[in-house]
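To keep things clear, I will list the structure first and then write my remarks on it.
The values are calculated or read from the model by the stated rules, or taken from the named source; none is laboratory data. Everything numeric in this text was worked out from a predicted model, so none of it was measured. FYI the Cβ positions are ideal-geometry reconstructions off the backbone, even for glycines, and counts take in every protein chain you see. When the accessible area is computed, the model is the full protein with side chains, heavy atoms only, and any ligands, DNA or RNA have been set aside. Shrake-Rupley method; radii C 1.70, N 1.55, O 1.52, S 1.80 Å.
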Amino acid sequence: MLAAGFKLAAYDRHRTKAEELIQYGGTVAESVAKLSSNCDVVLSCLASDEAVLQVYGGADGVFANARRGALVIDLSTVNPKTSQELSRVGSERGVQVLDVTMSGSTPVAEQGALTLFGGGTAGCFAAAESIFRVIARSILSGTERFRSNHEAGGEQPVGHRNAGYCRGRRTGEKAGLDRSRLLGVLSETAVVAPAHVGKLARALNNDYGPQFPLRLMNKDFRLILDLAAAVGAQMPATRAAFEVNAAQSAQGREQDFSAVILEMEQQAHLSSGDNGRTRGGIASTDK
């Protein structure tokens, strides 16, 4: 955004993260209150419903300090009720709110090639288009109900595919196929989404550093399953994929969601070997 000519201030509870923008011409805000009181547009990307409600609510929050007529763009993936609450409170405070969620992990974000799904008024989307064009390659907008039905759905097929690849790889290795060759072949098949090709390449080196953290994938699965329960939908494949993700996440490491490969290897009792067929166990991402 700075390279595109926007003036940008940032706040993070870990100040050093925000300070990384200074070298590119950005500034650091001392608090959420100071940030929101000095901006025409406030963008947020937070990890949970609790974090979103905390940042936007209260005397020191966004809504209490934002200028009337300001635009809020929340890029967090949260429960639809949280997004609806932001819209309601924002309206009371004279602040416009766009409810936008992202598809794409760290490398995609760095390339400005995210896919955005959002809800809000056409006028707000038009006002924010110049921002979206910098950070995204595709923008799908609709009404508030659009996100209520689709919010976490963007991660559902990603999580399903990842678990499916892991099961296929586990079966192949159990049948005696070379691990490196199997991962290479999978990356060339039509069923592997482009976003997963890089995951398979990194898995060859047991590199599970978080690009899209496993804990966030678990959160998205929970959102999907909560919504399914609320509307009476049965989603056995989603629940099965969530259980695999949750089991690996219970290891307590900050890993990419592709680390479910390790859980599938453990379930299959695949062990390390000198022949390059398998590399079981838990890979450390500590540097």
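Summary of values
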read-out	value
Candidates A109, A64, A128, A51 - the one that is part of a helix (DSSP H, G or I), surrounded by 17 or more Cβ atoms within 10 Å (Cβ to Cβ) and aliphatic (A, V, I, L, M)	A128
Among the candidates L227, L204, residue that is closer than 26 Å to L114 by Cα, open to solvent by 20 Å² or more (accessible area, probe 1.4 Å) and at pLDDT 80 or above	L227
Matching residues, segment 10-31, being in contact with a helix residue (DSSP H, G or I) (Cβ under 6 Å, 6 or more places away or on another chain) and buried (at least 16 other Cβ atoms within 10 Å of the Cβ)	A10, Y11, V28, A29
Filter result for A59 (open to solvent by 50 Å² or more (accessible area, probe 1.4 Å) and not hydroxyl-bearing (S, T, Y))	yes
Search result, residues across segment 112-125 that are assigned to a strand (DSSP E or B) and of a type outside the set (G, A, S)	L114, T115, L116, F117
Positions within segment 55-91 being in contact with a helix residue (DSSP H, G or I) (Cβ under 9 Å, 6 or more places away or on another chain) and among the polar types (S, T, N, Q), in sequence order	N65, S76, T77, N79, T82, S83, Q84, S87
Of all residues in segment 247-264 being within 16 Å of the chain's Cα centre (by Cα) and not aromatic (F, W, Y), the one that is surrounded by the fewest Cβ atoms within 10 Å (Cβ to Cβ)	E254
Residues within segment 245-287 that are at pLDDT 80 or above, assigned to a helix (DSSP H, G or I) and of a type in the set (A, V, I, L, M), tallied	2
Where a residue in segment 88-104 is surrounded by 21 or more Cβ atoms within 10 Å (Cβ to Cβ) and its partner, wherever it lies, is acidic (D, E), with Cβ under 8 Å and at least six apart	V97/D74; L98/D74; D99/D74; D99/E144; V100/D74; T101/E151
Candidate set from segment 233-246 (those that are free of Cβ contacts under 8 Å to residues at least 40 places away in the same chain and within 13 Å of K219 (Cα to Cα)); member that is least open to solvent (accessible area, probe 1.4 Å)	A246
